[in-house]
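The values are calculated or read from the model by the stated rules, or taken from the named source; none is laboratory data. Treat the numbers as computed from the prediction; the structure is a model and nothing was measured. Cβ coordinates were reconstructed from backbone atoms using ideal geometry, including for glycine residues, and neighbour counts include every protein chain displayed. Note: accessible area is taken over every heavy atom of the protein model, side chains too, but ligands, DNA and RNA are not part of it. Shrake-Rupley method; radii C 1.70, N 1.55, O 1.52, S 1.80 Å.
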Amino acid sequence: MKVRRIIANITAADDAAAKRFYGDVLGLDLLMDHGWIATWGSTEQMPVQISFAVEGGSGTPVPDLSIEVDDVGAALAGMKAAGFAIEYGPADEPWGVRRFYVRDPFGRLVNILSHL
């Protein structure tokens, strides 16, 4: 038996807020919409991963989600332009990532990062 993928499920009463944050700003595609659940994602191949942490690194809280992007500067500018408050960073971390934290419309702390 092999794990093929891991999916984060977030309680959300507002589909439009999910579209704005994950679709419009982060550029994810709507892959599935059954009316009661919508899946945003990418067709890009990614490794299956799940992380467990006692802190978020650099003394930060553990984020609920981590999203790797190809251009963290563009993601940061998009979040700011859309009115989302940045809670940490941007910061170049000693383990080789540039990142920032932002809360999604559902209160989840999201770590947006690029490897340096």
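Inclusion of Trp36 among residues that are outside any helix (DSSP H, G or I) and touching a Leu at 6+ places or on another chain (Cβ under 6 Å) is not warranted. Restricting Glu44, Glu55 to residues that are open to solvent by 80 Å² or more (accessible area, probe 1.4 Å) and closer than 23 Å to Gly23 by Cα narrows the list to Glu44. Only residues that are within 10 Å of Ser58 (Cβ to Cβ) and either open to solvent by 60 Å² or more (accessible area, probe 1.4 Å) or not in a strand (DSSP E or B) (or both) were counted across the range 73-94, and they come to 2. On the basis of being surrounded by 11 or more Cβ atoms within 10 Å (Cβ to Cβ), at pLDDT 95 or above, within 14 Å of the chain's Cα centre (by Cα) and over 24 Å from Arg5 (Cα atoms), does Pro105 make the cut? Yes, satisfied.
Taken as a whole, the structure leaves Thr39 outside the set of residues that are hydroxyl-bearing (Ser, Thr, Tyr), open to solvent by 100 Å² or more (accessible area, probe 1.4 Å) and more than 19 Å from Gly78 (Cα to Cα).
Any chance the range 63-76 includes a residue that's over 15 Å from Leu109 (Cα atoms), polar (S, T, N, Q) and touching a strand residue (DSSP E or B) at 6+ places or on another chain (Cβ under 8 Å)? Scanning the range 63-76, I find no residue that is over 15 Å from Leu109 (Cα atoms), polar (S, T, N, Q) and touching a strand residue (DSSP E or B) at 6+ places or on another chain (Cβ under 8 Å), so the answer is no. Please indicate, with yes or no, whether at least one residue in the range 100-109 is over 19 Å from Gly41 (Cα atoms) and touching a Phe, Trp or Tyr at 6+ places or on another chain (Cβ under 8 Å). The answer is yes; a qualifying residue exists. Reported count of residues in the range 1-18, each being touching a strand residue (DSSP E or B) at 6+ places or on another chain (Cβ under 8 Å) and either at pLDDT below 90 or of a type in the set (Asp, Glu) (or both), is 1. Considered as a group, the residues in the range 49-72 that are part of a strand (DSSP E or B) and not hydroxyl-bearing (Ser, Thr, Tyr) include one that is farthest from the chain's Cα centre (by Cα), and that residue is Glu68.
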